[in-house]
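The values are calculated or read from the model by the stated rules, or taken from the named source; none is laboratory data. Model, not experiment: these values are computed from the prediction. Heads up, the Cβs are rebuilt from the backbone with ideal geometry, glycines too, and the neighbour counts pull from every protein chain shown. We work out accessible area using only protein heavy atoms, side chains counted, and drop any ligands, DNA or RNA first. Shrake-Rupley method; radii C 1.70, N 1.55, O 1.52, S 1.80 Å.
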Amino acid sequence: MQLYKNQTLRVHNSLSGKKEVFEPINEGYVGMYVCGPTVYSNVHLGNCRTFMSFDMIFRYLKHLGYKVRYVRNITDAGHLENDADEGEDKIAKKAKLEEIEPMEVVQRYTVDFHNTIQKFNLLPPSIEPTATGHIIEQIEIIKQILDKGFAYEANGSVYFDVIKFNEENEYGKLSGRKLEDMIANTRELTAQDEKKNPQDFALWKKAEPQHIMRWPSPWGDGFPGWHLECTAMSTKYLGEHFDIHGGGMDLKFPHHECEIAQAEASCGKSPVKYWLHANMLTLNGKKMSKSTGNNIYPAEIFSGDNNILSKPYSPAVVRFFMMQAHYTSILDLSDDALQASEKGYQRLMEALDNLDEIKTSDKTDFDISTWQQNCYDAMNDDFNTPVLIAHIFEAVKHINLIKNDKEKITQEDKMVLRDTLEGFVYDVLGIENQAAGKDDSKVLDGVMELLIELRNKARANKDFDTSDKIRDELNALGIQIKDGKDGTTFSIK
Ligand code: AMP
Ligand code: ZN
């Protein structure tokens, strides 16, 4: 269903700093690129928050009926320890430390990433390309930027000339920085520096003899700069101008700023219509980060094995906790907050379980279509999941009142309520009902009740062929039927 025709979605565009009506470049289609993980260590819960935020956005766009091509890359080369193009490649460093191949590091942490986000019920992206799989494309872009005069070669490396670019373009427009201020606040270059100016960034770095991750290029053996891979892969799979580019706030500068500069320098076009940035998960009020060690891993949350936790929490509870905050707000993790989310999650799942059993009547005591539109309005307001969840709890209140015969609902409205709630909770927010096993046993009970009734009817009609067939075939499936003085029961052998 093309719901997007009746709903006006607004998104906060970091480029304009405003909420804008979302109108994709091609009606009905959305191209979305999100910077993926650098796979040199296990993902922490902060990383997971950003990927969950964009999963929710992906899910809502699909729910609205858009055909979405979602590209989320894997950074498996070129990400140096330091933003100023210095230090070792993070993956190569880990490989050296563990005395393994860099691709073993990549494989190990890519698998960890996939396993972890699967627990949080993230949908797979449409394409998950790697930096090392797109070296040729990256070299082609460098050639284009060199041809246009916005880059220069120095001693086997190629740097982007930020000052030259800024003469006709605006470097810093995404992060709201001015090049003059950046220049005033940085150190002078020394004689050993290859860059013409400290703001210049590497498109290609010469590989020193000890550098293991290296590829041939027109400028000699080396490796691409970190920012380049995202320009290469987004252009290849989504085109020179596409709808949404996402990532964590911390990537706005320099990473996304440099992506804009590279794309504008190589093809003269602004690459992205809507830039969306997800905010940070903090621990003890400080950003969770791999490098500072102020972090918590999903495995610790699921096992409860961390000093800040009083108990384990399930992936669905953690996802619910994340969705209770707006994706652009900072969220602080604490045991108290997780406990509160767990209570909320349980109330919500109980209400969803009760929904099928509530009695229907000839009228409904609340305005279901207003409630339903309120849910859409919340999501249309830059994916406002906390407001959506508040509306979902309005529905929980009504379900509980109907269950206790204090309110009424018609059969038709009950269906609308169920479909809308399930649509938002399971499909859009991606929150799983982890008591689903309980539901399976309910289904089995129902099916057995029906079969026993059919068998008893057949016996009453002296149709012993049918009654024996039901008993024998259930027996072959491992289900034994017993006739007792209180009726017929079943057990699984
Ligand atoms: P990285 O693997 O370091 O490149 O990070 C992968 C993604 O996680 C990026 O989009 C980051 O912006 C995001 N990220 C890193 N730390 C946090 C955090 N504490 N909270 C939310 N997102 C984060
Ligand atoms: Zn990126």
- Query: With no solvent and one point per C-alpha, what does the Debye sum give as log10 I(q)/I(0) for the range 54-135 at q = 0.12, 0.17, 0.25, 0.27 Å⁻¹?
  - Reply: -0.48, -0.82, -1.19, -1.26
- Query: How far apart, in nm, are the 7 Å Cα→Cβ label points at Asp465 and Glu27?
  - Reply: 6.1 nm
- Query: Once both axes come from the Cα atoms, what is the angle between helix 257-267 and the longest principal axis of the chain, in degrees from 0 to 90, rounded to 10?
  - Reply: 70 degrees
- Message: Please compute the Kirkwood hydrodynamic radius of the range 356-474 from all pairs of different C-alpha atoms, in Å with one decimal.
- Response: 17.3 Å
- Task: Would you compute, from DSSP H runs of 4+ residues alone, the mean residue ellipticity of the chain at 222 nm, taking -39500 (n - 2.57) per run and dividing by the full residue count, rounded to the nearest 500?
- Result: -14000 deg cm²/dmol
- Total formal charge among the other residues, if their Cβ is under 14 angstrom from that of Cys267, Lys/Arg +1 and Asp/Glu -1: -2
- Query: Gap in Å between the Cα centre of the range 369-388 and the Cα centre of the range 83-116?
  - Reply: 41 Å
- Query: So which aspartates and glutamates pass the test for Lys343, namely a Cα distance under 13 Å, with those fewer than 8 places away in the same chain ruled out?
  - Reply: Asp335
- Fraction of accessible area attributable to carbon and sulfur, the chain (%, probe 1.4 Å): 48 percent
- Item | Using alpha-carbon coordinates, inclination of helix 226-238 to the longest axis of the chain, degrees | 60 degrees
- Of the convex hull drawn through the C-alpha atoms of the range 405-493, the volume per residue in Å³ is 187 Å³
- Item | Two-site label geometry, Glu240 and Asn400: point separation in nm, points 7 Å out along Cα→Cβ | 5.8 nm
- Task: For an R0 of 56 angstrom, estimate the FRET efficiency from the Cβ-Cβ distance between Ser329 and Lys482 and round to the nearest 0.05.
- Result: 0.45
- Can you give the accessible area per residue of the range 395-493, in Å², using a 1.4 Å probe? 63 Å²
- Message: Taking a cut-off of 14 Å, what percent of all Cα-Cα pairs in the range 94-157 are separated by more than that?
- Response: 74 percent
- Whole-number D in µm² s⁻¹ for the chain, Kirkwood Cα-pair radius fed into Stokes-Einstein, 37 °C, 0.692 mPa s: 127 µm²/s
- Mean shadow area of the range 245-388, taken as a quarter of the surface of its Cα convex hull (nm²): 12.8 nm²
- Calculate the translational D of the range 201-266 in whole µm² s⁻¹ from Stokes-Einstein, where the hydrodynamic radius comes from the Kirkwood formula applied to all Cα pairs, the temperature is 37 °C and the viscosity 0.692 mPa s. 250 µm²/s
- Query: Over all Cα pairs of the range 333-425, how is the pair count split among 10 Å bins, expressed in % and running from 0 up to the last occupied bin?
  - Reply: 16, 47, 29, 8, 1
- Sum of side-chain charges, Asp463 neighbourhood, beta-carbon under 12 Å (Lys, Arg +1; Asp, Glu -1): +3
- the range 274-318 and the range 39-75: distance between their alpha carbon centers, rounded to Å: 17 Å
- Query: In degrees, nearest 10, range 0 to 90: what is the angle between the Cα axis of helix 464-476 and the longest Cα principal axis of the chain?
  - Reply: 40 degrees
- Where does the range 25-72 land on Rg(C-alpha)/(2.2 N^0.38 Å)? 1.32
- Message: Using alpha carbons only, how many angstrom separate the centre of the range 449-471 from the centre of the range 393-407?
- Response: 40 Å
- Message: Calculate log10 I(q)/I(0) of the range 267-320 for q = 0.14 Å⁻¹, where I(q) comes from the Debye formula with a single equal point scatterer on each Cα and nothing for solvent.
- Response: -0.54
- Note on the structure: Label model pair Asn354, Asp181: point-to-point distance (7 angstrom along the Cα→beta-carbon line) in nm is 5.3 nm
- Item | Contour excess over end-to-end distance, with Cα ends at Glu98 and Thr410 and 0.36 nm allotted per residue | 105.9 nm
- Taking the convex hull of the alpha carbon atoms in the range 78-185, what volume per residue do you get, in Å³? 187 Å³
- Cut-off 12 Å between beta-carbons: net charge of the residues surrounding Asp193, Lys and Arg +1, Asp and Glu -1: -2
